[in-house]
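Let me begin by presenting the structure, written as structure tokens, before commenting on it.
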Amino acid sequence: MTGPEDGSRPYLPRGVRLRWCAVRGAWFLLAPERAVKLDAVGSAILSALDGERDFAGVVAKLSADFGAPPEQVATDARKFLADLMARRMVEAA
Amino acid sequence: MNAEALTAIEKAADAAPIPMALLAELTHRCPLKCPYCSNPLDLIRRSSELSAETWADVFAQAAAMGVLHVHLSGGEPAARRDLPEIVESAVTAGLYTNLITSGVGLTEATFADLVARGLDHVQLSIQGTDATTADRIGGYKGGFDTKMRVAAWIVAAGVPLTVNAVMHRQNLDRLSETIDLAVRLGARRLEVAHTQYHGWAYRNRAALMPTPGQVARSGEIVAEARRRLEGVLAIDYVTPDHLAKYPKPCMGGWGRVGLNVTPSGKVLPCHAAETIPGLVFDTVTERPLAEIWREGAAFTAFRGTGWMQEPCASCPRKAVDWGGCRCQALAWTGDAAATDPACTLSPHNARMRAEATGEAADADEAFAYREM
Ligand code: SF4
Ligand code: SF4
């Protein structure tokens, strides 16, 4: 799985959502039978998926927010999302 | 690792971790009679079932403890008329709400109501890939067609569907068809679960245990399907216990990941824990859930590693698989604290394997159906 194309709009499908767990002090991605604990980068990437932004837009937002080089952000975010897409926890339209 | 580090790990292992999941057995009532049902042989009647208000309180307590997922199960949860209310209270508590259903007894209107109240996910069990086989195994005529209809509602509502197929000797040869069926139904996930041999399944083991050849083939089928269906269908598959080298960690470890609440409110470390003699269970109506989890007698009995005997006690895998399944240990060795006989290091492993292969070779296809 290669991850989202620049022009495609990645989103969390119904049944997959972000949740802040106060007891553990961490963000989780909740999906059927899965709870993935997210680090700061993971939760930033997933919070940027609003179904409107395309992947290029997600990268632009993240690199602006973190002051990181866009190429680096694109590589990391694509890898992260590709893995979740293979597990059907992220989809792209 | 030095001895001091090991002691530190063991101490940490004996403390109660933050639980992830709650299995809420809403009722034991079910129109089906699966011969591998994991409900206890002694089923709870309707009059002793917890009320919807009590469930709401249990969900709120669980969420405050750090539980993230709730699995609404049974029996058949749809046998409860107040299921929509119960779903809503789980959603309100902030829990990821999963309905585990056979589909039988669920109407289209009720299902729409569950969706409107925020149900996150449905896990639909199938007993076979065609009506004749499925209805024979489930012991319920028309069950298969109902499931097909229910799957269509779920997918049409956009709710993720997981198909759960419990496999055993009499349907393992249909694994490819099971995978195809899951794809046709629009499932995002397929769980291929092998029967575990305690409770009803232990009683029916002669009719259920797969042959080693069947198991080897199914491993190959799954590997191929996973490659072919990447991004379409995620497949969960675990080799059956008695043919693997080491057992699976029971529930991710006794009292480590999840807890079960029975229809009458007893809190169990595992759904089959009541088969273990001598364990004392607390009830949600008598004690706070967090306290039961942390220090309840049934939870501390096999939490961590302190209770272990040899060969587990000195085994480097003891904090990996936690000695395997207590219920399976009890069913096969008579001692719940023994090493799971599915472990190749257990002195009972040879007997389990021999019996398994012997029983798998038997042509006995008759089941003792689960009955109230
Ligand atoms: S002890 Fe663990 S593996 Fe065994 S039946 Fe109970 S939950 Fe399942
Ligand atoms: S001996 Fe016990 S701890 Fe070691 S692998 Fe077997 S079951 Fe697991």
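The values are calculated or read from the model by the stated rules, or taken from the named source; none is laboratory data. Predicted model, so just to flag it, every value in this text is computed and none were measured. Cβ: placed from backbone, ideal geometry, glycine included. Neighbour counts: every protein chain shown. Surface accessibility is based on the protein's heavy atoms, side chains included, excluding ligands, DNA and RNA. Shrake-Rupley method; radii C 1.70, N 1.55, O 1.52, S 1.80 Å.
Put A:Val41, B:Val115, B:Val159 in order of accessible area, highest first, and with a 1.4 Å probe you get A:Val41, B:Val115, B:Val159.
The modelled label-to-label distance for the pair B:Val280/B:Asp130, using points 7 Å beyond Cα in the direction of Cβ, is 5.5 nm.
Scalar couplings 3J(HN,Hα) for the range B:85-97, obtained by applying the Karplus form with A = 6.51, B = -1.76, C = 1.60 to θ = phi - 60°, are 4, 5, 4, 4, 5, 5, 5, 4, 5, x, 7, 6, 9 Hz; x denotes Gly and Pro.
Beta-bridge orientation, the protein assembly as shown: approximately 30 percent antiparallel, per DSSP, counting only bridges with both partners inside.
Please compute, for peptide B:62-68, the average count of beta-carbon atoms on other protein chains lying within 10 Å of each residue's beta-carbon. Display every interim value, and only then the final one.
Values: counts 0, 3, 2, 1, 4, 3, 8.
The mean count of partner-chain Cβ atoms within 10 Å per residue comes to 3.
With a ≥ b ≥ c taken as the square roots of the eigenvalues of the C-alpha gyration tensor of chain A, please select rounded if a/c is under 1.5 and otherwise prolate if a/b is larger than b/c or oblate if it is not? Oblate, since a/c reaches 1.5 and b/c is not below a/b. Ignoring any ligand, DNA or RNA, what whole percent of the accessible area of the range A:12-86 comes from carbon and sulfur when the probe is 1.4 angstrom? Its accessible area is 55 percent carbon and sulfur atoms. Here the translational diffusion coefficient of the protein assembly as shown follows from Stokes-Einstein with Rh set to the Kirkwood radius across Cα pairs; for 10 °C and 1.306 mPa s it amounts to 68 µm²/s.
The string of couplings for the range B:309-326 from the Karplus curve (6.51, -1.76, 1.60, θ = phi - 60°) is 9, 6, x, 4, 3, 10, 8, x, 8, 4, 9, 9, 10, 6, x, x, 8, 5 Hz, one whole number per residue in order, with x for Gly and Pro. Farthest toward the positive end of the dipole of the protein assembly as shown, out of B:Asn171, A:Phe80, B:Gly334, is the Cα of B:Asn171, where the dipole comes from beta carbon charges about the Cα centre.
For the range B:285-340, what is the charge dipole size about the Cα centre, in debye to the nearest 20, if Lys and Arg each add +1 at the Cβ and Asp and Glu each add -1 at the Cβ?
120 debye
Local charge for A:Met85 was computed over the other residues whose Cβ lies under 13 Å away, with Lys and Arg +1 and Asp and Glu -1, and equals +2. Basic side chains Lys and Arg get +1 at the Cβ, acidic Asp and Glu get -1 at the Cβ, and with that the dipole of the protein assembly as shown about its Cα centre reaches some 240 debye. FRET efficiency for the B:Ser48 to B:Val320 pair, using the beta carbon distance and R₀ = 51 Å, is estimated at 0.85. Between the listed residues B:Thr285, A:Ala48, B:Cys315, the Cα displaced farthest toward the positive end of the dipole of the protein assembly as shown, a dipole computed from Cβ unit charges relative to the Cα centre, is found at B:Cys315. Of A:Ala22, A:Ala40, A:Ala60, which is the most mobile in a GNM of chain A whose springs link Cα atoms less than 10 angstrom apart? Largest GNM mean-square fluctuation: A:Ala22.
Couplings 3J(HN,Hα) for the range B:218-225, derived from phi with the Karplus relation 6.51 cos²θ - 1.76 cosθ + 1.60 (θ = phi - 60°), are 5, x, 5, 4, 5, 4, 5, 5 Hz, where x marks Gly and Pro.
Treat every Asp and Glu Cβ in chain A as -1 and every Lys and Arg Cβ as +1, leave all other atoms uncharged, and give the resulting dipole magnitude about the Cα centre to the nearest 20 debye.
In total the dipole reaches around 480 debye.
Residues of the range A:28-47 that bury at least 10 Å² of accessible area once all protein chains are present, compared with their chain alone (1.4 Å probe, heavy atoms only, ligands and nucleic acids left out), are A:Phe28, A:Leu30, A:Ala31, A:Pro32, A:Glu33, A:Arg34, A:Ala35. Only DSSP H runs of four or more residues enter the estimate; each adds -39500 (n - 2.57), and after division by the residues of the protein assembly as shown the mean residue ellipticity at 222 nm equals -11000 deg cm²/dmol.
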